[in-house]
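Let me begin by presenting the structure, written as structure tokens, before commenting on it.
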Amino acid sequence: MNNWLSFLHQQGASIHENNTITFGEIPSDYPDLLQKTTVTPLIHVGLLSIDGKDSARFLQGQITCDIQQLSPGHNLTGARCNPKGRTLTNFLLCQPSEDNLLMLMQHALVQSSIDELSKFAAFFKVQLADQSNQYQCIGISGSQAGALAKNIATLCQHSFSDGRQLLVVPTESAPAIWQQLTTSATPTGNELWHLQDIRAGLGHVQTETTTMFVPQMLNFQATGSISFKKGCYTGQEVVARMKYLGKLKRRMYRIATKGSSLPVPGSPCFMPGEEPGTQGQSIGNVVLAARSDDSHQDMLVVLTEEASKSETLIIGEGSPQTVQQQPLPYLID
């Protein structure tokens with residue numbers, strides 16, 4: 001356990017497997033906590049740094065977003081694909097300084113991303129490094145999130161469309177910043193943050209789902225994560241063909257259902273079969289799931305259009321369950 005996690009443990013945190021953390025809250029508390037200003041250590045987020053004078057030119061050929069739109073005051077969201085156009089990871093991209101870029105992504109995917117990008121980095125004057133121990137990510141939610149974030153010295157800061165704030169701070173400063181924030185905000189674990197990601201329609205590629213989806217399946221074209229005007233990048237031909245020539249057979253929907261046992265990312269989804277107790281072919285996969293109270297869940301699920309209209313799905317190895325499609329806060333082209 002590193003110093004930051006040890007500090008959080010002293011502050012009352014329980015740290016579990018798969019980079020999950022709680023502060024004693026339970027799902028039945030979530031509806032009330034969503035009405036408050038809360039602060040969350042985003043220990044599931046890792047940081048990959050790209051340093052050097054060729055950083056922007058190097059990364060432009062590897063990602064779906066247009067790095068020419070990046071600046072120290074303007075972050076980007078994007079994805080990185082394999083040559084078949086399948087999403088390896090998605091990220092938030094920040095530029096702390098002219099020759100330094102930071103990619104925020106699922107912590108478990110940082111090292112594999114470095115290994116893959118290193119094959120191309122050899123041709124550029126850049127250095128790749130895992131900075132997950134040098135910097136920490138802290139999330140603030142609620143009506144006071146913006147005001148609280150203004151008073152914090154950060155390496156990078158990102159404002160989400162729902163008002164949440166993500167702060168990137170040096171690890172040595174994180175304990176003092178945490179104590180400052182918790183005088184006004186309630187500490188919460190990252191499942192509540194995941195729930196807000198789901199309601200914002202923000203899917204994340206995780207270890208279980210890497211290479212499972214093309215970017216449009218995750219609605220990245222609707223969240224500004226794909227530029228169709230920039231030049232070539234790895235997987236660009238497939239992504240562009242899907243927009244201009246193809247028909248997207250599956251995309252991401254938000255659904256709500258009953259239950260307390262969460263399906264893991266990538267869990268297959270099925271339509272019930274014609275015979276009771278049977279199932280048809282897989283018609284999608286879970287992207288992200290979180291409990292919304294003690295007996296309900298919200299999920300982002302990639303589904304076929306037909307399956308999205310069904311009121312009953314089999315998710316993972318469970319029994320058929322009633323689902324309700326929920327609205328997303330953006331339009332799908």
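The values are calculated or read from the model by the stated rules, or taken from the named source; none is laboratory data. For clarity, every value in this text was computed on a predicted model and none was experimentally measured. Cβ: placed from backbone, ideal geometry, glycine included. Neighbour counts: every protein chain shown. To get the accessible areas, we keep the full protein, side chains included, count just its heavy atoms, and leave off ligands, DNA and RNA. Shrake-Rupley method; radii C 1.70, N 1.55, O 1.52, S 1.80 Å.
General remarks:
- Computed E for Glu311/Thr211 - FRET, C-beta separation, R0 35 angstrom, nearest 0.05: 0.70
- Taken over the range 1-116, the convex hull of the Cα atoms encloses 160 Å³ per residue.
- Measure of compaction for the range 176-333 (Cα Rg per 2.2 N^0.38 Å): 1.16
- Solvent-accessible area per residue in the chain equals 47 Å², computed with a 1.4 angstrom probe and all protein chains kept.
- Cα-based reach from Lys309 at 30 Å (exclusive), listing lysines while leaving out same-chain residues under 8 positions away: Lys84, Lys243, Lys247, Lys249, Lys258
- Inter-centroid distance (Cα atoms) of the range 294-312 relative to the range 32-98, Å: 28
- Directionally averaged projected area (convex hull, Cα atoms, the chain), nm²: 16.6
- Hits among lysines - C-alpha to C-alpha of Lys53 under 28 Å, sequence gap 8 or more where chains match: Lys119, Lys125, Lys229, Lys230
- Reduced Cα scattering model of the range 53-178, Debye log10 I(q)/I(0), q = 0.22, 0.23 Å⁻¹: -1.43, -1.51
- Unpaired cysteine residues in the chain (no second Cys Cβ under 4.7 Å): Cys65, Cys81, Cys137, Cys232, Cys269.
- Under the combined filter of DSSP loop state and at most 14 neighbouring Cβ atoms within 10 Å, the range 156-222 retains these GluC sites (Glu not before Pro): Glu172.
- Report summary: the helix-based calculation at 222 nm, which adds -39500 (n - 2.57) for every DSSP H run with n ≥ 4 and divides by the residues of the chain, gives -5000 deg cm²/dmol.
- Dividing the convex hull volume of the alpha carbon atoms of the range 99-156 by its residue count gives 104 Å³ per residue.
- Alpha-carbon centroids, the range 216-286 and the range 130-190: separation in whole Å: 31
- A quarter of the convex hull surface defined by the alpha-carbon atoms of the range 146-225 gives 6.6 nm² as the mean projection.
- For GluC sites (Glu not before Pro), the sites in the range 247-333 that DSSP calls loop and that have at most 11 other Cβ atoms within 10 Å are Glu274, Glu311, Glu317.
- Solvent-accessible area of the chain (1.4 angstrom probe, protein heavy atoms only): carbon and sulfur portion equals 48 percent.
- For Lys36, a cut-off of 22 angstrom between C-alpha atoms picks up these lysines, skipping any fewer than 8 places away in its own chain: Lys150.
- Restriction of the trypsin sites (Lys or Arg not before Pro) in the range 174-245 to DSSP coil positions whose beta-carbon has at most 15 other beta-carbons within 10 angstrom yields Lys229.
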